[in-house]
Amino acid sequence: MTTFSCVVIDAKGSAVNTKIDGANRADVINSLAKQGLRPVSIKEFKDNSIKIDFGKIGKRKKVKSDQLVMFTRQLSAMISAGVPILRALSALAEHISESPVLQDILRHVIHDIESGSTLGDALAKHPDTFNDIYVNMVRAGESAGILDDVLKRLAIQQEKNATMRKKIKGAMAYPVVLLCITVLAFFGLMIFIIPKIGGIMTDLGGPDAKLPGLTVAMLSISNFIIAYWYIILIVLAGGISGFIALIKTKKGKRWWHSTILKIPIVKTIVKKNIIARFARTFSALIEAGVAVLEALSVTSRAVGNVIYEEALMDAESKVKNGKSLSSVISSNPLFPPIVSQMMIVGEETGQTGQIIVKVADFYEEEVDASIGSLGTIIEPIMIVIMGGMVGLIAASVMLPIAGLAQNIS
């Protein structure tokens, strides 16, 4: 393909400069004719600027969520101010210096738009950066002429999602650190401390000394770890790799997502987070003018859980056959009653998007509260586990010492 720089006359009789890809001049002329444009001048385009290797875009790191939020807000502001889409994208591409990846993507998007693509279609070519929700909302905004408003909603939704992810990661950081410390402390005691204590006990009591069962068990575990540490590492690495490979399969992912929904304490937070994500995504799509069936299809892929994805796909099928969405949701135990009740209100008032977003706000607050209480629950559990481990080791040391003291007396 060769890029041609063209001067054309549009339907209003105005001269417009544009660029278009084609195999040759005849191909370009045919493409312009299909768009209702009359060519005045067609020249092979020679770009003296820095060349962009778009094939390398997919190999680079992903765009960070905060960078995408900032881009979305800036684009919305510029479009609201009446700046043409191509000029707005070009200005943003020049000034987003902190994200070279996003710069390259925007230049590619600009190139596609100049070739006749819509903004939604151009963004759809970069699914790693612009997901289905983003693309579908942009397409709906373009069709309804409210692209600036849709972009504002997208930015708000992305900020909410990013905030929720940060809170969950922050809540899990403390127990994970405690767990790592516990595991390291256990292996440290077993490899360095227990063998020395065992040697001391043997020296004091003699080779025929009868040690308590707990001490014998701890020494056996210590000796096994020291003798077969490489086997333990191989088994651990293999187990972790196997688990990761399992949850990447369709059946494995379904089993894992189903298991998460059954774990005490965790299932409550996960369900509330999924409901909040479903409500906010669905409401944003409906408010942007996306049809209910398409909104359900897109939302099902955005909830992040296979079980809920299947439930929403089933709901899409039933709605397609004539049932109301509220009745389908109410019959599914995965969704709490408040969701179906709000759906009914939304269907009766014709304001489904505005009503459902209140469900998202409610459950996001619930997730915040649950995450806050999670730390207070996990902390004593981890302390008990660490205390129990240290207590066992201390008992295995003190019991033979007490026996030796009794024999001496």
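Listed by first and then second residue, the pairs with beta-carbon distance under 8 Å, at least 6 apart or on different chains, first residue in the range 261-286 and over 13 Å from Asn305 (Cβ atoms), second buried (at least 23 other Cβ atoms within 10 Å of the Cβ) and of a type in the set (Phe, Trp, Tyr), are Ala279/Tyr363.
Taking the numbered list (1) within 30 Å of Lys271 (Cβ to Cβ); (2) more than 18 Å from the chain's Cα centre (by Cα); (3) surrounded by 14 or more Cβ atoms within 10 Å (Cβ to Cβ) in turn, Leu219 passes all entries but (1). For the range 287-305, filtering for residues that are β-branched (Val, Ile, Thr) and surrounded by 23 or more Cβ atoms within 10 Å (Cβ to Cβ) leaves 2.
In a loop (DSSP other than H, G, I, E, B) and farther than 19 Å from Ala284 by Cα - does that describe any residue in the range 143-157? Don't jump to the end; show me each part of the working.
First pass over the range 143-157, keeping only residues in a loop (DSSP other than H, G, I, E, B): 145-146.
Filter once more, so that each one left must be farther than 19 Å from Ala284 by Cα: none.
No, there is no match, as no residue in the range 143-157 is in a loop (DSSP other than H, G, I, E, B) and farther than 19 Å from Ala284 by Cα.
Put simply, of Ile225, Ile244 the only residue that is assigned by TED's automatic domain parsing to the domain that holds Met398 and at pLDDT 90 or above is Ile244. Using the structure shown, decide if Gly391 is in the same structural domain as Met164 (by TED's automatic domain parsing), in contact with a Gly (Cβ under 8 Å, 6 or more places away or on another chain) and assigned to a helix (DSSP H, G or I). So Gly391 fails the test.
Is it the case, given these coordinates, that Val63 is crowded, with 18+ Cβ neighbours inside 10 Å, modelled with pLDDT of 75 or more and over 27 Å from Ala140 (Cβ atoms)?
On the way: crowded, with 18+ Cβ neighbours inside 10 Å: yes; modelled with pLDDT of 75 or more: yes; over 27 Å from Ala140 (Cβ atoms): no.
Judged against the criteria, Val63 is not a match.
Within the range 318-339, if we keep just the residues that are under 26 Å from the mean Cα position of the chain (by Cα) and part of a helix (DSSP H, G or I), the residue that is surrounded by the fewest Cβ atoms within 10 Å (Cβ to Cβ) turns out to be Ile338.
Can you give me the number of residues within the range 164-184 that are under 18 Å from Ile133 (Cα atoms) and either without any contact (Cβ under 8 Å) to a residue 12 or more places away in the chain or surrounded by fewer than 16 Cβ atoms within 10 Å (Cβ to Cβ) (or both)? Spell out how you get there, then give the answer.
Taking the range 164-184 first, the residues under 18 Å from Ile133 (Cα atoms) are 164-165.
Keeping just the survivors that are either without any contact (Cβ under 8 Å) to a residue 12 or more places away in the chain or surrounded by fewer than 16 Cβ atoms within 10 Å (Cβ to Cβ) (or both) gives 165.
Total satisfying the criteria: 1.
For Ala33, the requirement of being small (Gly, Ala, Ser) and at pLDDT below 85 is met. Residues of the range 115-128 that are outside any loop (DSSP other than H, G, I, E, B) and surrounded by fewer than 19 Cβ atoms within 10 Å (Cβ to Cβ): Asp121 alone.
Can Lys267 be described as more than 23 Å from Asn136 (Cα to Cα) and in contact with a Phe, Trp or Tyr (Cβ under 7 Å, 6 or more places away or on another chain)?
Values: more than 23 Å from Asn136 (Cα to Cα): yes; in contact with a Phe, Trp or Tyr (Cβ under 7 Å, 6 or more places away or on another chain): no.
Taking the combined requirement at face value, the residue does not satisfy it.
Filtering the range 358-378 to residues that are among the β-branched types (Val, Ile, Thr), in contact (Cβ under 8 Å) with a residue 12 or more places away in the chain and surrounded by fewer than 21 Cβ atoms within 10 Å (Cβ to Cβ) leaves Ile371, Ile377, Ile378. You will find that of Ala315, Ala395, Ala291, Ala402, the residue that is of a type outside the set (S, T, N, Q) and closer than 30 Å to Thr259 by Cβ is Ala315 and no other. Go through the range 342-370 and give me each residue that's farther than 17 Å from Lys160 by Cα and part of a helix (DSSP H, G or I). If the condition is that a residue be farther than 17 Å from Lys160 by Cα and part of a helix (DSSP H, G or I), then Met342, Met343, Ile344, Val345, Gly346, Glu347, Glu348, Thr349, Thr352, Ile355 are the ones that fit.
Can you confirm whether Ala140 is in contact (Cβ under 8 Å) with a residue 40 or more places away in the chain, assigned by TED's automatic domain parsing to the domain that holds Ser370 and assigned to a helix (DSSP H, G or I)?
Details: in contact (Cβ under 8 Å) with a residue 40 or more places away in the chain: yes; assigned by TED's automatic domain parsing to the domain that holds Ser370: no; assigned to a helix (DSSP H, G or I): yes.
It is false that Ala140 is in contact (Cβ under 8 Å) with a residue 40 or more places away in the chain, assigned by TED's automatic domain parsing to the domain that holds Ser370 and assigned to a helix (DSSP H, G or I).
The values are calculated or read from the model by the stated rules, or taken from the named source; none is laboratory data. No experiment lies behind these values; they were computed from the predicted model shown. Glycine also receives a Cβ, built like all others from the backbone with ideal geometry; neighbour counts cover every protein chain displayed.
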